[in-house]
Ligand code: UGA
C-alpha cells in the first residue's frame, strides 16, 4: 500500500520506517528541514534502539523516502498524522495547533476514498471536530492511537499488543476499518487484537491507558511515602503486591516517578478536557497523581541534602542519568534532569552523565556540567545520585571501583535499581526511595 506519515518525530519516524519494513511504500513528511535531511540520509534524529538499522535498510529497499513537501502525500492513499500535541503554555490543555496544521496542509492532496488515520494523542472529541473537513474531500477519518513505548518503539510498532481503530458509523467506517486491517496485516496475522470503536472510544483508550499507567506509578510512590514514615520497604511491598495477577508487578517501580513527552502532559490534558466537558470530578484524582509524582522529585533532592548534612552548597554531586528513562535520549519532563536542576539551584556543583541524553540535556539546562564518561563524572563526588536506571549504572557499576573514584561514599538510588546490600558491603551509605 502507499502510505504517507505526516510528522517524523518519535512516533512518525518510527511508524514510517516500520510500515516500510512490512512491505508498504511510505513517504515521511515533516516541516523540519534538518530532521528530514537526516532521515533521508538514513540517520535517526534521536536515539531509539533499532531505528537506525531499520532506516538504512528501508531507504535502501526504495520503499521509504522523506520529504518536506506535503504535496508528495498525493501519491499515497492512507495518511497517518503523527505530529506532537504538547502541553499548551500556561495551561493544562493539549496544544492542537500541529494537528490542525497537518490536516489543513493535507486537505488539498486528499482524494475520494483516501483514509486519514490520526495517531497523535488528542483530547476526546478532536476526531469528531476534524472529520467534516476531511469528509468534504471524499476521504474518511479514522482514529488509530499509538501505544508504543520509547526504547521499544520499533518492536511496539511492528508487533503491538493491540490495534484500535475509531471509525465513523456506517459503510464508510467499515471500509476504513478494512483498509487499516490491510495496513496492519502482518500484526493481525499473528493474532494481534484489532478493536473497532467509535472516535470517542478510540481517543479515550489512549488517554485512559496513559492515565492508568501514571496512576499505578503514583500509587506505588504514595506507598513509598508511607513506607518512609513506617520503616517499611516499598520494593518488597511491590513484589508482594505484584504476585497478585490482578495487580501485576509492572509499573510498580517506586522512585522519582514518571516523566517524558507523554504521561505527564497526557494526564493534564485529560483533566483539562474532562473539565471542559463539565465532568472534571471524574478524573480529579489525576491532579493527585501528578502531585504525588512531582513530590518524589523533591524527595530525591532532599535525600541528597540530608545525606550531605543539611547543606549541599559547594558540594560535588554526580547525577547518573538525564533521560526520562533508559534506552532513550528523551529529556522532555525528565524527572532525572529535574532533580539535577533542583540540586544545582540549592548550590551544589552538579555533574551529569548519561549514555545518550547529554546533548539534549545540555540544550535545555546549559547551567549544569556534563561529562560523557561515567567514571570521569564520578571522580571526586561527595554524593552520587542514580536517576535513570541505565544498565551502565544498575548492573555494570561496581560499588568497590566506584568507591575508589569518589570523595564521599554516599549513594541516593532514585530508581531503587541498585542492590543496597552490595553497596553497603562496599562501604557506601545507601539511600533508596521508600526503603529503610
Ligand atoms: C508511555 C506509555 O507507556 C506508552 O504505552 C504510550 O504509547 C506512550 O507513553 C505515549 O503516549 O506515546 P513512554 O513515555 O515511552 O510510554 O514511557 P513509559 O515506559 O511509560 O515510562 C514513563 C515514565 O514512567 C518514565 O519516566 C519511567 O521511568 C516511569 N516509570 C515507569 C516509573 O517511574 N515506574 C515504573 O514502574 C514504570
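The values are calculated or read from the model by the stated rules, or taken from the named source; none is laboratory data. The model shown is predicted, which means the values in this text are computed figures rather than measured ones. Heads up, the Cβs are rebuilt from the backbone with ideal geometry, glycines too, and the neighbour counts pull from every protein chain shown.
Please go through the range 87-108 and give me each residue that is buried (at least 16 other Cβ atoms within 10 Å of the Cβ) and in contact (Cβ under 8 Å) with a residue 12 or more places away in the chain, ordered by number. Selection gives 87, 92, 93, 94, 96, 98, 99, 102, 103, 106.
When 193, 168 are screened for being more than 12 Å from the ligand (Cβ to nearest atom), out of contact with any helix residue (DSSP H, G or I) (no Cβ under 7 Å at 6 or more places or on another chain) and either at pLDDT 95 or above or closer than 30 Å to residue 436 by Cα (or both), only 193 passes.
When the range 130-153 is filtered for residues that are part of a loop (DSSP other than H, G, I, E, B), crowded, with 20+ Cβ neighbours inside 10 Å and more than 16 Å from the ligand (Cβ to nearest atom), only 139 remains. Of the listed requirements (1) closer than 21 Å to residue 302 by Cβ; (2) part of a helix (DSSP H, G or I), residue 376 misses just one: (1).
Does residue 323 meet the test of being assigned to a loop (DSSP other than H, G, I, E, B) and in contact with a helix residue (DSSP H, G or I) (Cβ under 9 Å, 6 or more places away or on another chain)? Yes; evaluated as a whole, the condition is true for this residue. Among all positions in the range 10-23, there is no residue which is surrounded by fewer than 18 Cβ atoms within 10 Å (Cβ to Cβ), assigned by TED's automatic domain parsing to the domain that holds residue 152 and in contact with a strand residue (DSSP E or B) (Cβ under 6 Å, 6 or more places away or on another chain). Screening the range 345-359 for residues that are buried (at least 24 other Cβ atoms within 10 Å of the Cβ) and part of a loop (DSSP other than H, G, I, E, B) and picking the one that is farthest from the ligand (Cβ to nearest atom) gives 348. From the list 362, 342, the lone residue that is under 25 Å from the mean Cα position of the chain (by Cα), part of a helix (DSSP H, G or I) and without any contact (Cβ under 8 Å) to a residue 24 or more places away in the chain is 362.
Restricting the search to the range 154-183, which residues are within 23 Å of the chain's Cα centre (by Cα), touching a residue at least 12 places away in the same chain (Cβ under 8 Å) and not in a strand (DSSP E or B)? Hits for the range 154-183 are 154, 155, 157, 158, 159, 160, 161, 162. For residue 28, the stated conditions do not hold, so it cannot be described as more than 15 Å from the ligand (Cβ to nearest atom), on the phi > 0 side of the Ramachandran plot and either surrounded by fewer than 20 Cβ atoms within 10 Å (Cβ to Cβ) or not in a loop (DSSP other than H, G, I, E, B) (or both). Just one of the numbered conditions (1) touching a strand residue (DSSP E or B) at 6+ places or on another chain (Cβ under 8 Å); (2) without any contact (Cβ under 8 Å) to a residue 40 or more places away in the chain; (3) within 25 Å of residue 158 (Cα to Cα); (4) part of a helix (DSSP H, G or I) is not true of residue 195: (4). Could you go through the range 271-292 and let me know if any residue there is farther than 25 Å from residue 382 by Cβ, assigned to a helix (DSSP H, G or I), away from the ligand (no atom under 12 Å from the Cβ) and touching a strand residue (DSSP E or B) at 6+ places or on another chain (Cβ under 9 Å). The answer is yes, given that some residue of the range 271-292 is farther than 25 Å from residue 382 by Cβ, assigned to a helix (DSSP H, G or I), away from the ligand (no atom under 12 Å from the Cβ) and touching a strand residue (DSSP E or B) at 6+ places or on another chain (Cβ under 9 Å).
Is it the case, given these coordinates, that residue 122 is away from the ligand (no atom under 15 Å from the Cβ), out of contact with any strand residue (DSSP E or B) (no Cβ under 6 Å at 6 or more places or on another chain) and either at pLDDT below 95 or at negative phi (or both)? No, not satisfied. Number of residues in the range 408-428 that are closer than 20 Å to residue 224 by Cβ and either within 16 Å of the ligand (Cβ to nearest atom) or in a helix (DSSP H, G or I) (or both) equals 11.
The sole residue among 248, 253 that is within 14 Å of the ligand (Cβ to nearest atom), buried (at least 20 other Cβ atoms within 10 Å of the Cβ) and assigned to a loop (DSSP other than H, G, I, E, B) is 253. Residue 61 meets the conditions (1) at positive phi; (2) surrounded by fewer than 16 Cβ atoms within 10 Å (Cβ to Cβ) in every case but one. The failed one is (1).
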